[in-house]
1. Return the distance in nm (one decimal) between the two label points of a simple spin-label model at Ser106 and Ala78, each offset 7 Å from Cα along Cα→Cβ.
2. Could you identify which residue out of Asp107, Asp87, Asp115 has the top mean-square fluctuation in a GNM of the chain using Cα springs shorter than 10 Å?
3. Taking 7 Å along the Cα-to-C-beta vector as the label spot, tell me the Asp98-His118 distance in nanometres, rounded to one decimal.
4. Can you compute the label reach from Gln2? Point 7 Å from Cα along the Cβ direction, backbone N cut-off under 16 Å, restricted to region 95-123.
5. Working only with C-alpha atoms, what are the Rg and Dmax values of the chain, expressed in angstrom?
6. Give the Rg (one decimal place) followed by the Dmax (whole number) of region 86-133, computed from C-alpha coordinates and expressed in Å.
7. To the nearest 10 degrees, how steeply does helix 80-95 sit against the main Cα axis of the chain, on a 0 to 90 scale?
8. Which trypsin sites (Lys or Arg not before Pro) in region 7-83 pass both tests, a DSSP loop state and at most 15 other beta-carbon atoms within 10 Å?
Amino acid sequence: MQYESDERAIARAIEALADGETIDHGTARAIAAGFTDGGDTVNYSFVSTGAMPTDSDTPGADVLHSLYRGVDAQTLSASNEALLALDYYLEDREAAGDTDRVDGWSDMWVLKHVDRPHETGTLPDCFACDTED
Ligand SMILES: [Zn+2]
């Protein structure tokens, strides 16, 4: 079965947010993973465990800035909405003091629908539709 691209799933997740809501862990991980170059430990640690830097006063900003490294301006601008959503997510966790590794993190990802255009909830064999019931 074919699933929609990460990019589309992320855009859909962001679109579905109501005012003041933030993205879930899996969506945050999928966004961050799109910027992983493997060489940055803050970025790597966040993508692999959900942990944010503990030796910092600004753990959220540290994670976000670690993603920007080595990324060109055009890519950053094209990913502006996703990065903004990630920024709110990180600020939320930072404000809650929730900067540790997250249980089950490595199994989390943005919810992806079957890649057959359909309204959410209308395709019986779509795993993502199923879990939204
Ligand atoms: Zn679906």
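1. The answer from the label model is 3.1 nm.
2. Looking only at Asp107, Asp87, Asp115, the biggest GNM fluctuation is shown by Asp107.
3. Distance between label points: 3.1 nm.
4. 113-118
5. Considering the chain through its Cα atoms, Rg and Dmax are 15.2, 47 Å.
6. Cα-based Rg and Dmax for region 86-133 come out at 15.2, 40 Å.
7. It works out to around 60 degrees.
8. Of the trypsin sites (Lys or Arg not before Pro), the ones in loops of region 7-83 whose Cβ has at most 15 other Cβ atoms within 10 Å are Arg69.
Throughout, read-outs are computed from the coordinates displayed, never taken from laboratory work. What you are looking at is a predicted structure, and each value in this text was computed from that prediction instead of being measured. With ideal geometry, Cβ positions are generated from the backbone for all residues, glycine too; neighbour counts draw on all protein chains shown.
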